[in-house]
Every structure is written in C-alpha cells, then in structure tokens.
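Trainee: Submitted below is the structure of interest, expressed as structure tokens.
The values are calculated or read from the model by the stated rules, or taken from the named source; none is laboratory data. Please read all numbers here as calculations on a predicted model, not as lab measurements. Virtual Cβ from ideal backbone geometry, glycine too; neighbours counted across all protein chains shown. Surface areas here come from the heavy atoms of the whole protein model, side chains and all, with no ligands, DNA or RNA. Shrake-Rupley method; radii C 1.70, N 1.55, O 1.52, S 1.80 Å.
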Amino acid sequence: MPLETPQRLLIVDDHPLFRKGVRYLVNMVPDFIIVGEASCGQEGIDMALELAPDMILLDLNMKDMSGIEVLKVIKASGSDARVVMLTVSDQASDLVAALRAGADGYLLKEMEPEDLVEKLAEAAAGRITLTERLINLLAHAMRHDAIHPKTSSEAGLTEQEQRILERVAAGKSNKLVARELGITEGTVKVHVKHLLRKLNLRSRVEAAVWFVDQHK
C-alpha cells in the first residue's frame, strides 16, 4: 500500500553509473521521490543538511571520506533522516561499525534488483532494512563481542521497554512504535536509549537482532 506522503530520498555515491542504476530502481518504488544525488561524502553532508531528506542511501567507501564518517556527521547534526548503507562490503566489522554509528539499514550492492526494490519499499514503510544473511552475520558477531544479558528480565527491562523492543525487533521505526503505543516519538527514543544501555548494545538494529536471536 503506497504511503500518503512519499519519502524524499538523497543518494550519496561516488560512482555515476551506480547512481544511475539506483535511480532507475528507486523510480520503481512509488513511495520515493529522489530530491538529490551527491558524488562524494562532503557533498552528501551538505545536501543532507540543505535538503533535509527523509532517507539517505549512502555508500560505505568513497574517495574523499568514508560513509561511516558521513553518517556520524549527519547524525550529529540532529538530522531525522533515516540512513541506509548501500555497499559492496559484507564484512561483519563494517556492518557493526555502520549500525553503531547510527545506520538504519545495511544493503549490499550485489543484491538482485528485485530484492533491492523490495528492501527499499520496506525502508520507505519505516522498517529496519537488513537481509537475512546480514542479520545472521550480526547475531554471530554480537555473540562473540561484549557480554550481553541473556534475557529481557536479566536485563531488567520494564514492561514498556519490552513492548517497544518487540516492535523494534519487528522492524518498526520509532514513529510507527509511537503510533501503536499511543505515546510520543520522543518518549520512544528515550525508552530505546534506556533499553540499549541495559542490553549493553549501541544501536536499535542490534537490539532487534538480539531480540530475534533470544526467541529462536
């Protein structure tokens, strides 16, 4: 079902041919309007601040600066844009670094076009955007990383935090969670911050993967 208001999308990638391909695929998703294309990291930052897009598709490896650096600057600016990394790297270290820097999704350039279109449609609807293989990769990395509580009760999550975590794990954005629970988006953000601290995690995507991993 198409969204009432299309997502305003900014593409940041230093390969002109790839930008052209992404533009072609994005135009197949009715819930997007492309508002700009940036050919390097600094231009991406400038356009993100100027255009205030709803979503940014961001390359990980660019000549002038890394996508992680661009992501950190955009997030630090207070931008509400949801940022989805679109990259050739399937390294667990890059995936974890991107998510901990605030990425809302991580997709591989090698994906089949129809799969990428499907994931972009999910992103437009406010869902967390990861492929099954990357979810498994992240879960494996987390198991061998820092010590995390084994259960929600061990973490000391409140009932409201548990309700929010369940919805985050279902791939819902803060805005969708707020709407479902009848609370403000700001309140959801505060709860997410608290539950991340209790779970010893740094990103809501990691929290979603942790939850799914505990309920297999």
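Trainee: For region 152-175, what are the residues that are part of a helix (DSSP H, G or I), of a type in the set (Gly, Ala, Ser), open to solvent by less than 40 Å² (accessible area, probe 1.4 Å) and out of contact with any Pro (no Cβ under 8 Å at 6 or more places or on another chain)?
Mentor: Restricting attention to region 152-175, the residues satisfying the condition of being part of a helix (DSSP H, G or I) are 152-155, 159-169, 174-175.
Now restrict to residues that are of a type in the set (Gly, Ala, Ser): 152-153, 155, 169.
Checking which are open to solvent by less than 40 Å² (accessible area, probe 1.4 Å) leaves us with 152, 155, 169.
Selection gives SER152, ALA169.
Trainee: Of all the helices (runs of 4 or more DSSP H) wholly in region 1-104, which have at least 2 residues that are under 22 Å from VAL209 (Cβ atoms)? Please lay out each step first, then the result.
Mentor: On the way: elements: 16-26, 41-51, 67-76, 92-100.
Output list reads 67-76, 92-100.
Trainee: Filter region 2-28 for residues that are among the β-branched types (Val, Ile, Thr) and in contact with a strand residue (DSSP E or B) (Cβ under 9 Å, 6 or more places away or on another chain); which is farthest from VAL70 (Cα to Cα)? It would help to see each step written out before you state the result.
Mentor: The initial filter retains those residues of region 2-28 that are among the β-branched types (Val, Ile, Thr), namely 5, 11-12, 22, 26.
Going one step further and asking which of them are in contact with a strand residue (DSSP E or B) (Cβ under 9 Å, 6 or more places away or on another chain), we end up with 11-12, 22, 26.
Details: ILE11: 13, VAL12: 10, VAL22: 19, VAL26: 22 Å.
Applying the filter and picking the extreme gives VAL26.
Trainee: Please state which one of SER203, SER153 is over 21 Å from the mean Cα position of the chain (by Cα) and among the hydroxyl-bearing types (Ser, Thr, Tyr).
Mentor: On the way: SER203 fails: over 21 Å from the mean Cα position of the chain (by Cα).
Sole residue among the options that is over 21 Å from the mean Cα position of the chain (by Cα) and among the hydroxyl-bearing types (Ser, Thr, Tyr): SER153.
Trainee: Tell me, which residue of region 88-108 that is of a type in the set (Ser, Thr, Tyr) and more than 9 Å from the chain's Cα centre (by Cα) is surrounded by the most Cβ atoms within 10 Å (Cβ to Cβ)? Reasoning before the result, please.
Mentor: Step one: list which residues in region 88-108 are of a type in the set (Ser, Thr, Tyr), which gives 89, 93, 106.
After this cut, where a residue has to be more than 9 Å from the chain's Cα centre (by Cα) as well, the list is 89, 93.
Numbers: SER89: 17, SER93: 9.
Here the residue is SER89.
Trainee: Select, from PRO6, PRO16, the only residue that is at pLDDT below 95 and open to solvent by 80 Å² or more (accessible area, probe 1.4 Å). Outline the logic, then answer.
Mentor: Details: PRO6 fails: open to solvent by 80 Å² or more (accessible area, probe 1.4 Å).
Answer to the check: PRO16.
Trainee: Here is a list: MET47, MET85. Which entry is modelled with pLDDT of 90 or more, open to solvent by less than 40 Å² (accessible area, probe 1.4 Å) and under 17 Å from ILE128 (Cα atoms)?
Mentor: It is MET85.
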